[in-house]
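A short write-up of the structure that comes next.
Nothing in this text is a laboratory measurement; each read-out follows from the coordinates by a stated rule. Fair warning: this is a prediction, and the values are worked out from it, not measured in the lab. Note: ideal-geometry Cβ built from the backbone for every residue, glycine included; neighbour counts use all protein chains shown.
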């Protein structure tokens, strides 16, 4: 399969509709279910502000050939086991899944985070029941540390895999 030609673009006002599409029940299955409109608007505001705060970056995923916006990827400051890290997460709309788009977009986000040299590593916490997201981690050379209990969204606990990626020194 050809590697998808994607680019990641900084999150913008125009991405609110994308966020609404990502909030569909089938997209939020592994993340505690859809959010209310009020929660979505708060999330959108956080995504717009994160880069300016220096606490991470959020991006939309865009296909080069037709400029179609097909998902999101981002990383943000977090703490895990008393270590300051970047945490990363992503979503690709259902009709675009299975094409390597998430892998390409996550790789681009990792490259951007690595340039910042803020943290020595990045973690991803996909649900143990989400084989596609776990496969992305494996393809991008994250190391599987263990399974763990993870709270997301607040009040919702789920079993996740803890994947760790060391940045270039």
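Would you calculate a helix-derived [θ] at 222 nm for the chain, using -39,500 (n - 2.57) for each DSSP H run of n ≥ 4 and dividing by the full residue count, to the nearest 500?
Calculated from helices alone, the mean residue ellipticity at 222 nm is -9000 deg cm²/dmol.
Expressed as a fraction of 2.2 N^0.38 Å, the rule-of-thumb size for a compact globular protein of N residues, what is the C-alpha radius of gyration of region 97-163?
So region 97-163 has a normalised radius of gyration of 1.17.
Assuming R0 = 22 Å, can you tell me the calculated FRET efficiency for the pair residue 37 and residue 66, based on Cβ-Cβ distance, to the nearest 0.05? Don't jump to the answer; show the numbers that get you there.
Details: r = 29 Å, r/R0 = 1.31.
The computed FRET efficiency comes out at 0.15.
Quickly work out the residue 21-to-residue 46 label distance, labels modelled 7 Å from Cα along the C-beta direction, and quote it in nm with one decimal.
It works out to 2.2 nm between the two label points.
Order of 28, 158, 58 from fewest to most other C-beta atoms within 10 Å?
Numbers: 28 15, 158 18, 58 25.
Lowest to highest Cβ neighbour count: 28, 158, 58.
Would you mind listing how long the chain runs along its three principal axes, going by Cα atoms, in whole Å with the largest first?
Projected onto its principal axes, the Cα set of the chain covers 38, 37, 33 Å.
I want to check the label-to-label distance for residue 77 and residue 14. Put each point 7 Å from Cα in the C-beta direction and report it in nm to one decimal.
3.1
Between residue 112 and residue 148, what is the FRET efficiency for a Förster distance of 30 Å, r being their Cβ-Cβ separation, to the nearest 0.05?
Here the calculated transfer efficiency is 0.70.
Taking the convex hull of the alpha carbon atoms in region 60-145, what volume per residue do you get, in Å³?
Considering the Cα atoms of region 60-145, their hull volume per residue is 99 Å³.
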